[in-house]
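Here, each number is a calculation from the coordinates, and none is a lab measurement. Given the structure is predicted, the values throughout are model-derived calculations rather than measurements. Backbone-built Cβ (ideal geometry, glycine too); neighbour counts: all protein chains shown.
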Amino acid sequence: MIKTLGFVIVFFFQTVVFSQTRVLEMEFDQVEDASLYEFEFRIQGESKLIKVLSLKNPVVEMELPYNHYEFRQRTRDQRKVPGPWSAWEKFTVTVPEIKITNPAEKMRIETDSFDFEKISINWNPNPGIATYQITAMDIRTNQEVLTQISRTNQVELELPVASEYKVSVKTILDENVASDLEQTASVQFSVIAEALEKPDIISVKSEYSRKISWEKNNLAESYQVLLERYDRVQKRWRPLMVANDFKGTELKFNPQWGGGQYRLKVGAKAPFRKQSDFEVDNFELASVRTPAAEYNASVTKSIDRINGFYAQASWLITQFSMSSLVHESHTTTRVKPLGGTLRVGTGYFKSNYSWGFSGFLNSSHVILNDQNKAFNSLDLNALYRYKFTYRDELRLSLGLSHKELPVLYGDEQMNQSGFHKANVSGPRLAMEYWYSLGPQVGLQMNYSQNFYSFFENQSAPNGRRVKVPTSFQLGMMMSYKFNDTVTALIGVTHQEESYEYEATERSGADPIVAGTLNNGFLKADYIGLMVEIGL
């Protein structure tokens, strides 16, 4: 009796390039008393036989192109009598599978590109396949970004950065006819763009601010935000708020957050882009940040010094009144020249600190006998301020002053005069009372006293020591604060100085006894404008 044969098909690659065929081996069960095994092969859907085999052993080896096939089988016994044909059984000679070797699945390809990047796609070569179709799909938008044909097992795709892609490689048997025998392999990967630009933080302008913001980065979808407060006791920064996916560009301050020194770090983030470096901003916040507290602070700030180094420059129109008595020449001189005084200097005051320092150079000019006469002075001071209320404060300064004192001489009857510069030095004490009239306007009253007789000198015209019994200045000024770095002042100042020195002794018809004093007096009234600028 003849039995139906069971079988197993084993495929082998054809070694002839681009033959589009595969070698297969079909192994069937042996049938008792069978002398021959007969096989017929045809393409599915066709009646024409493409191969007929008669074999002594139930093993079929042959080469077939890629296609859908069917076959039937029968056996002959020892008498060569054939048995019945089996039913047609279907099988397919398939195209070998493709394996993409590069890039790896779910690979993150980091680049330094802002727009496009060339990505190399590699797969194992497929015997018998001459053409491949490569398709790239943007997963984020679900849109096809490109399709191209390759004759090799490698292609370079130029893809937009900052997205995720699915690239498919498909075998093409015939470019003009589609086939269900073709194989497709795909891989997903992401192309990471260069780092985003750091966001520009809009610095807090006032310690009473209730929020802080930064410029929007058009490519960023969120921000990493870290707000820290400095612990003055432990001397380290403590995190106050951490947000890894902060939406928006504005951070409002919690009223419960105390005053002190703060540090904000902001980094821009976007899918498939490297995060930006952190932008860092340091700022101070007051303990109470209500509108009322902010107004009081603005009133205080109208008279507050610049925070840090500052420069001053002033020009004063000066009306001088000078007089002198010189015994050696028996002359009394009085002049009232009009002049000007230029004052420049620099100083330092730290916000919320009581101590500071300053240094100023003054140069006064007058016209005497149609000649420009100048005398200068230099002041170096240590400063201390004491606040009474949020509206007013007292500023004290103690330092040293050096001055070219104008010692007048001449003959009033002959309308001739001039002066000798006597160099005097000594301690200087000054005070200023400031009162705020509003957020930008302030009032200042000042007084200073110089002790030029404190140090010895031999600078009188006759080489004797000059003593300065009187040297003071008082004034009043109005201030206007344009912004945090520029303040202007205008006002009036009155100054008085007197000096004396021993006349040279002589005998004869016009004697001068020892201890006779020459003396002089100087008054000056100023109308001045001063500008203070933060550095």
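Details
- Whole-Å semi-axes of the ellipsoid equivalent to segment 228-319 (Cα gyration tensor, √5λ, descending): 37, 19, 15
- Rounded to 5, percent antiparallel among DSSP beta bridges of segment 100-192: 90
- Three-way shape label, segment 100-192, alpha-carbon gyration tensor, a/c 1.5: prolate
- Listed peptides 397-405, 158-166 appear in the order 397-405, 158-166 once ranked by packing, highest mean of other Cβ atoms within 10 Å at the front.
- For segment 189-208 and segment 353-383, distance of Cα centres in Å: 49
- Rounded Å value of the spacing that divides the Cα centres of segment 98-152 and segment 220-276: 40
- Across segment 301-444, the volume of the C-alpha convex hull divided among the residues equals 122 Å³ per residue.
- Under the Debye formula (equal points on every Cα, no solvent term), log10 I(q)/I(0) of the chain at q = 0.06, 0.11, 0.12 Å⁻¹: -0.62, -1.03, -1.11
- Extension gain, residue 141-residue 186: 0.36 nm per intervening residue step, less the Cα-Cα distance, totals 14.4 nm.
- Net charge dipole size for the chain [Lys, Arg +1 and Asp, Glu -1 on Cβ; Debye, nearest 20]: 1360
- Amide proton proximity set for residue 140, modelled H, under 5 Å, gap of 5+: 164
- Virtual spin-label span in nm between residue 87 and residue 265, 7 Å along Cα→Cβ: 7.3
- On full extension, the segment bounded by residue 35 and residue 78 gains 14.9 nm, given 0.36 nm per residue less the C-alpha separation.
- When the helices of the chain are scored as -39500 (n - 2.57) per DSSP H run of n ≥ 4 and the total is divided over every residue, the value at 222 nm lands at -500 deg cm²/dmol.
- Across segment 152-168, coupling constants 3J(HN,Hα) worked out from phi with the 6.51/-1.76/1.60 Karplus curve, θ = phi - 60°, read 10, 9, 8, 8, 10, 9, 9, 10, x, 7, 6, 7, 10, 10, 10, 10, 10 Hz, and Gly and Pro carry x.
- Length-normalised contact order of the chain in % [C-alpha pairs under 8 Å, at least 6 apart]: 8
- Between residue 287 and residue 454, the FRET efficiency estimated from the beta carbon spacing at R0 = 45 angstrom works out to 0.50.
- Across segment 216-226, computed HN-Hα scalar couplings (Karplus, 6.51 cos²θ - 1.76 cosθ + 1.60, θ = phi - 60°) run 6, 8, 4, 8, 7, 9, 7, 9, 9, 10, 10 Hz from first to last residue, x flagging Gly and Pro.
- Note on residue 380 and residue 44: the extension gain reaches 110.0 nm, defined as 0.36 nm multiplied by sequence separation minus the Cα-Cα distance.
- Phi-derived couplings, Karplus 6.51 cos²θ - 1.76 cosθ + 1.60 at θ = phi - 60°, listed residue by residue for segment 52-57: 10, 10, 10, 10, 7, 10 Hz, with x used for Gly and Pro.
- Neighbours of residue 393 by Cβ distance under 13 Å: Lys/Arg scored +1, Asp/Glu scored -1, total +3.
- Inter-part distance where segment 452-529 and segment 49-76 are each reduced to a Cα centre, Å: 130
- Label reach from residue 492 (point 7 Å along Cα→C-beta): in segment 305-334, amide nitrogens under 15 Å belong to 317-320.
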